[in-house]
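Have a look at the structure below, then the notes.
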Amino acid sequence: MIAERLPELAAMTREEKWEVMVELEEELHHSQHSQDDPETAAAIKELLEVRMAHFRAHPETARPWEEVRAGLKTRFEAWKADRENA
């Protein structure tokens, strides 16, 4: 396990571990979908514009970050439990 190779992870709080997880996910996502690719950059821009237009038209559908993060955390913990039980 990675945690065995990086003992400082064991000393981190649960919140710090979540921050590391989010940062790693963002880094992986960015490296997978490099903005250097004009086609990818255009697709990302279009998606953001569509989502922003939807938000402006229907602001009541937006959710606070805390709610989104809690949902992600729940999904991650369920995924993790499934992997451990497999």
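The values are calculated or read from the model by the stated rules, or taken from the named source; none is laboratory data. Not measured: the values here are computed from a predicted model. Cβ placement follows ideal geometry from the backbone for every residue including glycine, while neighbour counts extend to all protein chains displayed.
Conditions tested, residue by residue: (1) within 25 Å of residue 70 (Cα to Cα); (2) surrounded by 10 or more Cβ atoms within 10 Å (Cβ to Cβ); (3) at pLDDT 85 or above.
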position	(1), (2), (3)
6	no, yes, no
9	yes, yes, no
16	yes, yes, yes
19	yes, yes, yes
26	yes, yes, no
34	no, no, no
39	no, no, no
48	yes, yes, yes
52	yes, yes, yes
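For the stretch 46-86: of the residues being polar (S, T, N, Q) and more than 20 Å from residue 19 (Cβ to Cβ), which is nearest to the chain's Cα centre (by Cα)? The qualifying residue nearest to the chain's Cα centre (by Cα) is 61. Could you grab the pairs with beta carbons closer than 9 Å, sequence gap of 6+ or different chains, first residue in the stretch 1-29 and under 19 Å from residue 84 (Cα atoms), second one surrounded by 10 or more Cβ atoms within 10 Å (Cβ to Cβ)? From the stretch 1-29, the pairs are 2/9; 3/9; 10/3; 17/9; 18/69; 18/73; 18/76; 21/76.
For residue 70, state whether it is surrounded by 10 or more Cβ atoms within 10 Å (Cβ to Cβ), in a helix (DSSP H, G or I), of a type in the set (A, V, I, L, M) and modelled with pLDDT under 90. Judged against the criteria, residue 70 is not a match.
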